[in-house]
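Let me begin by presenting the structure, written as structure tokens, before commenting on it.
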């Protein structure tokens, strides 16, 4: 948030200095210095605003980190043998972003898995779909908990099944953190994929 405030400040000051330099009738080198300083501040501010993380993305990232921290601290930790995970493909053709139309009310109506996936996509890897096929997969892990079979799905992974299969073979295991009271709330730890990007 502080970075965006600084960006808006630089953008505004740069604009003011540039306008001032255009109307300044004094000594020519000073006018040139004001003009260059204004342009530089304007460009720096503009680039931070345009390419820096949006407020929505920062909020999603913060909420996602809170959920993950809570599940890691208070949840049941299950070691997942990645060779026992099923890879589900969900490739599709799209020319628009998947999550653009979801507002706050729609978000709250989603179940935990969809909310978590939405936050994950928004914070880390929003789907910037171009015309063409989008490769994406997810992992399905079946776990026997007190004689009851439970199914855990990972977040959507923007990789082909072949690429993911190689990564899983190299890594071997990961962790799954499950809320002890509500087992529909869980975190499938795929940080090893981010480290390799």
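The values are calculated or read from the model by the stated rules, or taken from the named source; none is laboratory data. Because the structure is a prediction, the values reported are computed rather than measured. Glycine also receives a Cβ, built like all others from the backbone with ideal geometry; neighbour counts cover every protein chain displayed.
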Inset, instruction - Please list, ordered by first then second residue, the pairs with beta carbon atoms under 6 Å, 6 or more apart or interchain, first in segment 158-170 and touching a residue at least 24 places away in the same chain (Cβ under 8 Å), second surrounded by 15 or more Cβ atoms within 10 Å (Cβ to Cβ) and assigned to a helix (DSSP H, G or I). - result: 168/82
Inset, instruction - Quick one: residue 4 ticks every box in (1) surrounded by 14 or more Cβ atoms within 10 Å (Cβ to Cβ); (2) at pLDDT 75 or above; (3) out of contact with any helix residue (DSSP H, G or I) (no Cβ under 6 Å at 6 or more places or on another chain) except a single one, so which number is it? - result: (2)
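Table: residues versus (1) outside any loop (DSSP other than H, G, I, E, B); (2) over 19 Å from the mean Cα position of the chain (by Cα); (3) at pLDDT 90 or above.
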site: 149; (1), (2), (3): yes, yes, yes
site: 152; (1), (2), (3): yes, yes, yes
site: 155; (1), (2), (3): no, no, no
site: 162; (1), (2), (3): yes, yes, no
site: 175; (1), (2), (3): yes, yes, yes
site: 187; (1), (2), (3): yes, no, yes
site: 194; (1), (2), (3): yes, no, no
site: 197; (1), (2), (3): no, no, no
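Might you let me know whether segment 47-63 holds any residue that is within 26 Å of residue 134 (Cα to Cα) and at pLDDT 85 or above?
Step one: of segment 47-63, the residues within 26 Å of residue 134 (Cα to Cα) are 50-54, 56-58, 60-61.
Next cut, at pLDDT 85 or above only: none.
Checked segment 47-63: no residue is within 26 Å of residue 134 (Cα to Cα) and at pLDDT 85 or above.
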Inset, instruction - Restrict the check to segment 124-137 and report whether at least one residue is assigned by TED's automatic domain parsing to the domain that holds residue 89, out of contact with any strand residue (DSSP E or B) (no Cβ under 8 Å at 6 or more places or on another chain), modelled with pLDDT under 90 and not in a loop (DSSP other than H, G, I, E, B). - result: no
